[in-house]
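See structure below.
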């Protein structure tokens, strides 16, 4: 019999990440369908997405300071509890103002990606558990399990279609998926509880603040904000909305499509880790990102559904290769005592910036300018990539030095 104590903390962390990404995977697709079924407009859907991302950003600010002073496991358990409360509250509310409030204070993630209060905590735990030489590979594995789980969650988004064939109303079926989201949060909390408690570091007098790496982190945060603002125009919920409105895609078809985008993203992570050993972390981020943005912009003009889906699949295969490399790079260029704060300081501006653009995209959808969110996203992301290359191509992590 395997003893609980023999399992590595990283294994528990990966398991918890896969559970919450599974929940995020189906919620990102079902959220716009649920809101439209309640009678809300695309603009209101965009505002809900903005509220969700803005709330995550503000909670991440708090987490960034608490993470240096409190046990990370305890904070992860609190975040999982919030996930349970969110899943329990969403299906019993139909008033828009209350839904907006739940989106703001809860954990619903319209991007189905690494924009949540869990992220800086998990990054800090992972970075402390691995050596420098293993860091990028472990971040790639961490991203891989999350993306695979998110792909599975996307497939699960088709469950309401099957439930309707059994006689359930679509709205009732979607509400049951929110209950499933709460159950996933409970399971996640049980897994987080297995991570060994470890008191916060007291190596510095002010462990919650940035020290010698402040200038680097602030510059990275500014660039990451531009990237996140761009990405907010096509968070998964809004991309699903675009496909629903432009090509009349069904819920089941959307689930299958986002499953495959998730699979492509997942298997791009180990490729990114391997590639980074040869060309460096920054080059890997930039030279995989630019072609993905071009594919997204071309998809905006695609005249047929198969061509649009093909271009979006190309984008999915490339666009997330910067995720493990970016996380590893941030952890590499700061001191160990600054890692929790650095993860927060780079995550918060991303979340704040990403919170603005979904409402703008929703307004563009409502005005029938459906291609513009994709075009704006691609152009801004290419700008971010070029600036990142110019600013950081000479700042190498220890393993590249």
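Here the label points at residue 190 and residue 368, each 7 Å from Cα along the C-beta direction, are separated by 5.2 nm in the simple model.
Between the alpha-carbon centres of the range 259-326 and the range 71-125 there is a gap of 27 Å. With the simple spin-label model, which puts each label point 7 Å out from Cα in the Cβ direction, the residue 179 to residue 335 separation comes to 5.3 nm.
Just to confirm the number: angle between the C-alpha axis of helix 170-192 and the first principal axis of the chain, 0 to 90 degrees, nearest 10? Once rounded, the angle reads 10 degrees. In this rough spin-label picture, where each label sits 7 Å from Cα along the Cβ direction, the residue 41-residue 96 distance is 0.8 nm. Reported to the nearest whole Å, the Cα centre-to-centre distance from the range 209-239 to the range 8-47 is 21.
Protection proxy ranking of 88-97, 287-296, by the mean of other Cβ atoms within 10 Å over each peptide's residues and highest first, is 287-296, 88-97. What is the log10 of I(q)/I(0) for the range 289-401, computed with the Debye formula using one identical point scatterer on each Cα and no solvent, at q = 0.15, 0.21, 0.22 Å⁻¹? Log-scaled intensity ratios, in q order: -0.81, -1.24, -1.30. Gain on full extension, evaluated as 0.36 nm per residue between residue 386 and residue 82 minus their Cα-Cα distance, stands at 105.7 nm. Rounded, prolate or oblate: which one fits the range 154-293, using the alpha carbon gyration tensor with axes a ≥ b ≥ c (rounded when a/c is under 1.5, else prolate when a/b beats b/c, else oblate)? Oblate. Using the empirical formula 2.2 N^0.38 Å as the baseline, the Cα radius of gyration of the range 81-205 reaches a ratio of 1.30. Could you work out how far helix 72-89 tilts from the main Cα principal axis of the chain, as a 0 to 90 degree angle to the nearest 10? Relative to the chain, helix 72-89 is tipped by roughly 10 degrees. Panel order for 137, 74, by other beta carbons found within 10 Å of each beta carbon, from fewest to most: 74, 137. Using only Cα atoms, tell me the angle between helix 251-279 and the longest principal axis of the chain; keep it within 0 to 90° and round to the nearest 10. Between the helix axis and the principal axis of the chain, the angle is about 20 degrees. Under the criterion of Cα pairs below 8 Å and six or more residues apart, the relative contact order for the chain equals 30 percent. Computed as a quarter of the hull surface, the mean projected area of the alpha carbon convex hull for the chain stands at 18.7 nm².
No value in this document is a laboratory result; all are computed from the given coordinates. Being a predicted model, the structure only gives us computed values, none of them experimental. No Cβ is skipped: glycine too gets one built from the backbone with ideal geometry, and neighbour counts run over all protein chains shown.
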